[in-house]
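Q: Structure below; questions to follow.
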Amino acid sequence: MRENLHCRPFREEDLHLLDGVAEDPTVLGPYAWTGFSRGLRRRWAETGLLTDDGGALAVVDQGEPVGVVSWRKAAYNAASHAWNIGLCMLPEERRRGSGEQAARWLVHYLFAHTQTNRLEAHIDAENIPSRMGIEKVGFVYEGMARGAAFRNGAWRDVCLYGLLREDLRPA
């Protein structure tokens, strides 16, 4: 476990990481890159990337941004929603445990500071490292959404994972 790894709101000096997510396919990696995007800097300037419908935080180690955690509202009805979470670590940070640690941080943050009862993760079926990592955090595989995500010219299967607030309580 990395002692100084934590998450915090994005600062102006972190915006190069957002640029990488929007402009460099190697930052998101082969399972998440869906093409160039715009608007992250504008959204940061307007909201700090924190709204009632979701947010994004910088994953920081020793003061340097090394990744991004995010969450967005997944509504089930007018009274209830889950948070669908996402995680992107810089390529040099992958497979070092920092992604798992950042995901745990986000899980605890969302359960401590929002009333949601459910977190979800949707992971490309071919992304075995991410699937294994999210299971280590405590998420449960719930099924497959066949042909749900378009990436690199083809429709891809997506694995659905869930974590309930009660799943974190000691037995």
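The values are calculated or read from the model by the stated rules, or taken from the named source; none is laboratory data. Worth saying up front: this structure is predicted, and the values here are computed from it rather than measured. Counting neighbours? That spans all protein chains shown, and the Cβs are built from the backbone with ideal geometry, glycine included. Just so you know, the surface numbers come from the protein's heavy atoms only, side chains and all, with ligands and any DNA or RNA stripped out. Shrake-Rupley method; radii C 1.70, N 1.55, O 1.52, S 1.80 Å.
Residue-by-condition table, conditions (1) farther than 26 Å from Asp124 by Cα; (2) basic (Lys, Arg); (3) in contact with a Phe, Trp or Tyr (Cβ under 6 Å, 6 or more places away or on another chain):
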residue	(1), (2), (3)
Glu13	yes, no, no
Pro25	no, no, yes
Gly29	no, no, no
Arg41	yes, yes, no
Ala45	yes, no, no
Gly48	yes, no, no
His81	no, no, no
Arg95	no, yes, no
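Q: Okay, moving on. Restricting to the range 23-60, what's the tally of residues that are more than 26 Å from His81 (Cβ to Cβ), surrounded by fewer than 18 Cβ atoms within 10 Å (Cβ to Cβ) and not aromatic (Phe, Trp, Tyr)? Working first, answer last.
A: Residues of the range 23-60 more than 26 Å from His81 (Cβ to Cβ): 23-27, 29-30, 33, 35-36, 38, 41, 45, 60.
Of the ones still in play, those that are also surrounded by fewer than 18 Cβ atoms within 10 Å (Cβ to Cβ) are 23-26, 29-30, 33, 35-36, 38, 41, 45.
Narrowing the set further to residues that are not aromatic (Phe, Trp, Tyr) leaves 23-26, 29-30, 35, 38, 41, 45.
Residues that pass the stated criteria total 10.
Q: Cβ-Cβ under 7 Å, sequence separation 6+ or interchain: first residue in the range 25-42 and within 16 Å of Cys88 (Cα to Cα), partner in a loop (DSSP other than H, G, I, E, B) and among the polar types (S, T, N, Q). Which pairs?
A: Listed by first residue and then by second, the contacts come to Tyr31/Asn127.
Q: Turning to a different aspect of this structure: Kindly indicate whether Asp61 is at pLDDT 95 or above, more than 11 Å from the chain's Cα centre (by Cα) and acidic (Asp, Glu). Spell out how you get there, then give the answer.
A: On the way: at pLDDT 95 or above: no; more than 11 Å from the chain's Cα centre (by Cα): yes; acidic (Asp, Glu): yes.
Judged against the criteria, Asp61 is not a match.
Q: Can we say Ala112 is closer than 17 Å to Cys7 by Cβ and without any contact (Cβ under 8 Å) to a residue 24 or more places away in the chain? Show your work before the answer.
A: Numbers: closer than 17 Å to Cys7 by Cβ: yes; without any contact (Cβ under 8 Å) to a residue 24 or more places away in the chain: yes.
Considered against the rule, which asks whether it is closer than 17 Å to Cys7 by Cβ and without any contact (Cβ under 8 Å) to a residue 24 or more places away in the chain, Ala112 comes out as yes.
Q: Mind checking which helices (runs of 4 or more DSSP H) fall wholly inside the range 6-91 and carry at least 3 residues that are among the aliphatic types (A, V, I, L, M) and either in contact with a helix residue (DSSP H, G or I) (Cβ under 6 Å, 6 or more places away or on another chain) or under 22 Å from Val158 (Cα atoms) (or both)?
A: Of the helices (runs of 4 or more DSSP H) lying wholly inside the range 6-91, those with at least 3 residues that are among the aliphatic types (A, V, I, L, M) and either in contact with a helix residue (DSSP H, G or I) (Cβ under 6 Å, 6 or more places away or on another chain) or under 22 Å from Val158 (Cα atoms) (or both) span 15-23.
Q: Quick test of your reading of the structure: Arg96 fulfils all but one of (1) of a type outside the set (Gly, Ala, Ser); (2) farther than 23 Å from Leu168 by Cβ; (3) modelled with pLDDT under 90; (4) in contact with a Gly (Cβ under 9 Å, 6 or more places away or on another chain). Name the failing condition by number.
A: Among (1) of a type outside the set (Gly, Ala, Ser); (2) farther than 23 Å from Leu168 by Cβ; (3) modelled with pLDDT under 90; (4) in contact with a Gly (Cβ under 9 Å, 6 or more places away or on another chain), the lone unmet condition for Arg96 is (4).
Q: Another question, then. Are any residues in the range 112-159 open to solvent by 40 Å² or more (accessible area, probe 1.4 Å), farther than 15 Å from Tyr31 by Cα and hydrophobic (A, V, I, L, M, F, W, C), and if so, which ones?
A: Ala112, Val140, Met144
Q: In addition: Tell me, which strands (runs of 3 or more DSSP E) wholly within the range 92-171 include 3 or more residues that are farther than 21 Å from Lys73 by Cβ? Working first, answer last.
A: Values: elements: 118-124, 140-151, 154-164.
Fully inside the range 92-171 and qualifying: 140-151, 154-164.
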